[in-house]
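Comments concern the structure below.
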Amino acid sequence: MQDRLMIKQSYQNTKNKMAGLPKVTFTYGNGALGQTIASADGLLCLIVVGAASVDDTFVLATNYSIRKTADLEALGVTADNNALLHKTVSDFYKEAQEGTQLFICGYPDTLTMSAVLDKENPYARNIIESTNGQVRGLIITKVAKEGATIENGLDSDVAQAMMNANALGDWSAETKYAPIFTIIDGLGFSGDPQELVDLKTYRYNRVGVVIGSSEKGSANQAIGFIGGRIASSSVDNNIGRVADGALNTLTMYAGDKAIELADVESIYDKAYITFRTFTGIAGYFISDDLLATKATDDYNQLTRRRTIDKALRIAYAVLVEKLLDKVPVKNDGTMLQPVIIGWQQDVENAIAINMTANDELSADSSDSSDRGVQCFIDPTQDVLATSTVNVELRVRPFGYARYIKVVLGFTVNEN
């Protein structure tokens, strides 16, 4: 129907302009194919506070794009002059394929993680702006110092870093239409899960905190492995998905204890991202993708956060094209029904093509009209008076098999 209207309008425009000798005229229709929108879903930036500059090849407070661990050589970054940066990048590419883009940025040890993440400061905010909002998430760590203050089982700066990271993500979504999440190093973990604050008491649904390291007693946690799994997973896949295989490490600890002996259940129950093992399966796995917010929050999991944020980016790309465009209205100032339908279809089609078709949204395969996305524009709103079009957009995420309960018994054949 929409194609017929477009052809009819094209014909009318051509008819009005006809002159000269009789001829056959073709007009190209546009918008029928539903092209995909470029999306770098796994593009992250690794921030290392306490990094050291290297001549003029690696300058602090500067973004560098790399695609493999070996790219650090060209920057002059080595395990000797930047041990934490080098190890974290190495861990990242143990999980993400070489060729996966990663931004890295270092800051001096005079700063804290919370200061770098403060949206009022020109640090992490500049990363978002300089990459034109393409970065989907930040992973941040800091070179540990002797004698650091430990509060509630972690470096005292972690709590403020969480608050600032969440505010930064909200700012990026609201002002740049480029929502981000942040994964924070659970710096200085004391080794006692009972000292940890329950992250479900917060409302930071753009923030995750990692506890667990590949080195015994390390103050720094294994955020490189987490970042690598995020970068190599689609937005709908849990980074702890067992079918994706074990992490590429032979050791994993929570403080001084091997993960096999540590109380990871208590760490997990407090909504930290940690590591675990499975009986009969070799290797270490990520426990889950929980974020630092209440259990009833719709966005308490990284999969849901990444899914809804991708939908926002796609919807923005469609709707920004309509900004300041003419909107045909009725006598009462409300939108014409064909215009409403057109807008709704534009948004739904874009999300369906870029997400549902990629199996990133849950759709009922038995219902051909169900595409896992619904866009609704209230036909009673007075656009003429308000110059505002209110749009309601909903997408359906997947459920996840966190718990599988089996009733097991014998079958007795009575003969």
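What follows draws every value from the coordinates through simple rules; no lab data is involved. Since the model is a prediction, treat every value here as computed from it, not as a measurement. In this analysis, Cβ positions are derived from the backbone assuming ideal geometry, glycine residues included, and neighbour counts consider all displayed protein chains.
Couple of notes before you dig in:
- Across the stretch 221-228, computed HN-Hα scalar couplings (Karplus, 6.51 cos²θ - 1.76 cosθ + 1.60, θ = phi - 60°) run 9, 7, 6, x, 4, 4, x, x Hz from first to last residue, x flagging Gly and Pro.
- Fraction of the pair-distance distribution of the stretch 327-415 above 20 Å, Cα-Cα pairs, percent: 55 percent
- Of all the options GLY217, GLY169, GLY137, the one that moves most in a Gaussian network model of the chain with Cα springs shorter than 10 angstrom is GLY217.
- Amide H contacts of GLN301: LEU291, each under 5 Å away and 5 or more positions distant or on a separate chain (H built 1.01 Å from N in the peptide plane; Pro and chain starts excluded).
- For the stretch 252-329 versus the stretch 348-415, the gap between their alpha-carbon centres in whole angstrom: 18 Å
- In the elastic network of the chain, a GNM with C-alpha springs shorter than 10 Å, the most mobile of LEU290, LEU75, LEU43 is LEU75.
- Of the trypsin sites (Lys or Arg not before Pro) in the stretch 113-179, the ones in a loop by DSSP (not H, G, I, E or B) with at most 14 other beta carbons within 10 Å are LYS145.
- The distance between label points at ASN358 and ASP256 comes to 4.6 nm (points 7 Å beyond Cα on the Cα→Cβ vector).
- Amide hydrogen proximity for THR182: with H placed 1.01 Å from N in the peptide plane, the residues at 5 or more positions away or on another chain lying under 5 Å are LEU138, VAL207, GLY208.
- Looking at the stretch 36-138, the GluC sites (Glu not before Pro) that sit in a DSSP loop and have at most 16 other Cβ atoms within 10 Å of their own Cβ are GLU98, GLU120.
- When TYR403, TYR299 are arranged by Cβ crowding within 10 Å, least crowded first, meaning fewest neighbours, the order is TYR403, TYR299.
- DSSP finds beta bridges in the chain, and of those with both partners inside it, around 50 percent are antiparallel.
- Remark: relative contact order (the chain) = 13 percent; criterion is Cα-Cα distance under 8 angstrom and separation of 6 or more residues.
- Unsatisfied cross-links (Cα-Cα over 18 Å) in the set LYS142/LYS176; LYS270/LYS294; LYS200/LYS405; LYS257/LYS405; LYS119/LYS176; LYS119/LYS145: LYS142/LYS176; LYS200/LYS405; LYS257/LYS405; LYS119/LYS145
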